[in-house]
1. Could you list, in sequence order, all residues of the range 413-443 that are farther than 25 Å from ASP273 by Cβ and in contact with a Phe, Trp or Tyr (Cβ under 7 Å, 6 or more places away or on another chain)?
2. Which ones in the range 543-575 are closer than 20 Å to TYR485 by Cβ, open to solvent by less than 90 Å² (accessible area, probe 1.4 Å) and among the acidic types (Asp, Glu)?
3. For LEU296, all conditions in the list (1) in contact (Cβ under 8 Å) with a residue 60 or more places away in the chain; (2) surrounded by fewer than 19 Cβ atoms within 10 Å (Cβ to Cβ); (3) of a type in the set (A, V, I, L, M, F, W, C) hold save one; what is the number of the exception?
4. When residues of the range 1-18 are filtered for being among the small types (Gly, Ala, Ser), assigned to a strand (DSSP E or B) and crowded, with 19+ Cβ neighbours inside 10 Å, how many remain?
5. Looking at PHE246, is it in contact with a Lys or Arg (Cβ under 8 Å, 6 or more places away or on another chain), open to solvent by less than 20 Å² (accessible area, probe 1.4 Å) and not polar (S, T, N, Q)?
6. Tell me which residues, restricted to the range 386-402, are touching a residue at least 60 places away in the same chain (Cβ under 8 Å) and open to solvent by 10 Å² or more (accessible area, probe 1.4 Å).
7. Just the residues that are over 19 Å from PRO9 (Cβ atoms), of a type outside the set (A, V, I, L, M) and either assigned to a loop (DSSP other than H, G, I, E, B) or out of contact with any helix residue (DSSP H, G or I) (no Cβ under 8 Å at 6 or more places or on another chain) (or both), please, taken from the range 19-62.
8. Output the residues belonging to the range 30-52 that are more than 18 Å from GLN66 (Cα to Cα) and open to solvent by 60 Å² or more (accessible area, probe 1.4 Å).
Amino acid sequence: MPAMELVAPVAARVADLPVVAGQLVVEGDILALLEVMKMEHPVLAPSSGSVRRLHVEVGDTVEPGQVLVALDPSAAPGDGEEGDVEPGGELLDQVRRRHGLGRDEARPTAVESRRRRGHRTIRENIADLCTDFVEYGPLAIAAQRSRRDLDDLMRATPAEGMVAGIGRVPAHAGSTDDRLALIGYDYTVLAGTQGFQNHRKKDRIFALAAEMDLPTVLFAEGGGGRPGDVDWPGVSMLEVRAFRLFGQITAPTIGVTTGYCFAGNAALLGQCDVIVATSDSNLGMGGPAMIEGGGLGTFAPGEVGPAATQAANGVIDVVVDDDPSAVEVVRRLLGLVRGPGRPGTAPEVDKARQVVPENRRRLFDMRRVIASVVDSDSFLELRAAFAPAAITGFGRVEGYPVGIIANDPGHLAGAIDHHAAVSLERHLRLCERWRIPVLSLVDTPGFMVGPEAEAEGLVRSAGSLFRTVAGLEVPVGAVVVRRAYGLGAMAMAGGGFHEGRFVVGWPTSELGPMGLEGAVRLGFKRELEAFEDPDAQEAEVERRVAEMLEVGRGINVATHFEIDDVIDPADTRAWILTCLT
């Protein structure tokens, strides 16, 4: 086989000949190094072989096309054994070493610290949530070079205490996988504090999330601002952009905290559409140091904003036991915004028929009603501890996501008080933002009344609820499970009974401008006062209530076409699928 002659591509000086005659080389090895205008031009072996002859020497000046080296490909070493050749070099090895410093396996002490606290590392949570993760800024370190050794910073502050990037969430409930942006504070690095460089990383990812319209997940565990960063010329850091940039993301945002989350970390978490927290979490706009610094007392971190408190006041939407459960909730929420998945298992056909007793005074479980119309095990409740009179959450019907609002007759008989109005409005706004249709399950005597109810500001929260339902663009369908009275029922049905996609009643439904007992006692006050015997008076109340009930039963109201139909409860799923999807 004739020798391959490698020629000079340009006029140049031969700066180096790193091979000798007879030497075995592989594809990509440098055979000659030419120098032009102080720039090096390597001449590479186009294939494996052996050097037959060198036609030039170091220092020679060559012209374009002049032969430099003759290569004999017939003596190619390692044919078919390319896998034995280890690619790389000193610079690549350095890159690998630097990346390796931030991996969990290189930080056993930090990992063990997380284990003792009952939590996973941020990288473990991210690996559980998404695949194909591309990390931004893994080589960043804390801005403390003027006070700490560089090697110490690389080992102690990998990724500047924040893992940031873009990944994909695998399919859930049959939905297709999709991209997301992700920011995760690393509590093992300077207690997850916000440093100069990781503020810049947040700016970068938040801007990309807004530009690419990516759902964004924030793991916000950490202690707020970091005073130890000294390698920057500023003073106040009040010009940082992260908080505004995060607020400009229009795609869904989900926040997670699995421990202490204070100050700036909490300020970001509080912007999220949904907050998921482990039961041992603590959230606060200021941690113990800030509280003590403000002269407000000395507190342990566990005393500030415990999860039970923050769930009861509506800050936390979902409380879970541990990190894997938190990631699973995030995965379920992200699955909702990706649209329909494969059809889920339908509940038993008789389930909906059996859950509401015909005795109108007998209590029933509204969560069993929800379970009777959505795909089995698909309901995810939000803010269960915040507003007991209102149930809010998400479910699926034949794989299609629906937002669910419902009254809970087990609390205030389902009346909508201030907290219920706030929770219902928040959920409706979330459904609108996430473009998920709304299913309303109605059993309410209306808005709560009385001095205590008004002391909470119900007039404003009720008004806000009506304004929100009036502005919804996502479809709303309502099912009157039992009672639908007054303004509260109108708010639950989208602002009025002919405003949504449908309003249907179950056989147990009853409707009216106000609760029947109240209507009788107010409307027939003079007649009732004519009875001197209290028992006779109550009997008259019951008689008139029964008369009004016959008029207000759903099956009679439907004859006036004030609702769309009274249906077999087992047909509820068909209405949802036909009118909401």
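The values are calculated or read from the model by the stated rules, or taken from the named source; none is laboratory data. Everything numeric in this text was worked out from a predicted model, so none of it was measured. Quick reminder, even Gly has a Cβ in these numbers, built from the backbone with ideal geometry, and neighbours come from all protein chains shown. Please note that ligands, DNA and RNA were not included when accessible areas were found on the heavy atoms of the full protein model with its side chains. Shrake-Rupley method; radii C 1.70, N 1.55, O 1.52, S 1.80 Å.
1. The answer is ALA415, and nothing else.
2. Scanning the range 543-575 gives ASP564, ASP565.
3. With respect to (1) in contact (Cβ under 8 Å) with a residue 60 or more places away in the chain; (2) surrounded by fewer than 19 Cβ atoms within 10 Å (Cβ to Cβ); (3) of a type in the set (A, V, I, L, M, F, W, C), LEU296 is out only on (1).
4. The number of residues fulfilling the criteria is 1.
5. Numbers: in contact with a Lys or Arg (Cβ under 8 Å, 6 or more places away or on another chain): yes; open to solvent by less than 20 Å² (accessible area, probe 1.4 Å): yes; not polar (S, T, N, Q): yes.
Answer is yes for this residue.
6. Scanning the range 386-402 gives PHE386, ARG396, GLU398, TYR400, PRO401.
7. GLY22, GLN23, SER48, ARG52, ARG53
8. The answer is MET37, LYS38, MET39.
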